[in-house]
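To start, the structure under review is shown below, and the notes come after it.
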Amino acid sequence: MKRVLPLATLLMVVATPAFAHVGTGSTASFAAGIAHPLSGLDHVTVMVAVGLWAALKGGRALWIWPAAFVGVMLIGGALGMGHVSLPFVEPAILASVVAIGILVALAVDLSPFAGAGIVGLFALFHGHAHGSEVAETVGGLEYMAGFALATATLHLIGIGLTLGLARTHLRGLVRAGGVACMLVGVGLFAGVFQ
């Protein structure tokens, strides 16, 4: 764990913007909110990985970590819609892909509340990016509700994959999924993926 936080911090500072969240489609409906998390590799990867990590931990983390992500993401969305500035949004989103991937790959065992703090921190940036996209003429509540539902669904997919693989004695594949998440983050950082 002592190596994970400095790596994530370094990535947040040196990452260049991915511009994955600027003007990407409609933000005027519930359906657009549902569709948006499915349209970006960074979203799908992190949100499924949060579910993977929560299921690896088990117990209260199984619901606390996804709930923390969704709840804090909505707070970040409200800040973005309110034009409250937040520094390093894009670098933090990229760092979240790498950091959550590392946490899954290493099966880092944190307390439910420490893990919630980590996923919540990253969720703030994800939410802010999407809240900032909401047009001035649109309230954005329907969009954010759709986004929250899609996010929770992706978390549940990660949880379901982990629990299903645990029953088949292929739990190591979950940790390999963490490595894949980390590699996606590095690829996004390097500009290999868009």
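The values are calculated or read from the model by the stated rules, or taken from the named source; none is laboratory data. Note that this is a predicted model, so its numbers are computed, not measured. Cβ: placed from backbone, ideal geometry, glycine included. Neighbour counts: every protein chain shown.
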* Among (1) under 23 Å from residue 193 (Cα atoms); (2) modelled with pLDDT of 95 or more - the single one residue 147 does not satisfy -> (2)
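Identify, please: which residue in segment 112-139 is among the β-branched types (Val, Ile, Thr) and farther than 23 Å from residue 177 by Cβ and is, among those, surrounded by the fewest Cβ atoms within 10 Å (Cβ to Cβ)? Spell out how you get there, then give the answer.
Of segment 112-139, the ones among the β-branched types (Val, Ile, Thr) are 118-119, 134, 137-138.
With farther than 23 Å from residue 177 by Cβ added as a condition, the list becomes 134, 137-138.
Values: 134: 19, 137: 6, 138: 16.
Checking each candidate, the answer is 137.
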* To do: Of all residues in segment 83-100, count the ones that are more than 12 Å from the chain's Cα centre (by Cα), β-branched (Val, Ile, Thr) and surrounded by 14 or more Cβ atoms within 10 Å (Cβ to Cβ).
  => 1
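So, in segment 136-194, how many residues would count as being part of a loop (DSSP other than H, G, I, E, B) and either among the polar types (S, T, N, Q) or within 22 Å of residue 101 (Cβ to Cβ) (or both)? Spell out the reasoning first.
Taking segment 136-194 first, the residues part of a loop (DSSP other than H, G, I, E, B) are 136-140, 168-171, 191-194.
Subsequent filtering for residues that are either among the polar types (S, T, N, Q) or within 22 Å of residue 101 (Cβ to Cβ) (or both) retains 137, 168, 170-171, 191-194.
Within segment 136-194, residues that are part of a loop (DSSP other than H, G, I, E, B) and either among the polar types (S, T, N, Q) or within 22 Å of residue 101 (Cβ to Cβ) (or both) number 8.
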* Structure fact -> Residue count, segment 101-111, condition surrounded by fewer than 18 Cβ atoms within 10 Å (Cβ to Cβ) and part of a helix (DSSP H, G or I), comes to 0
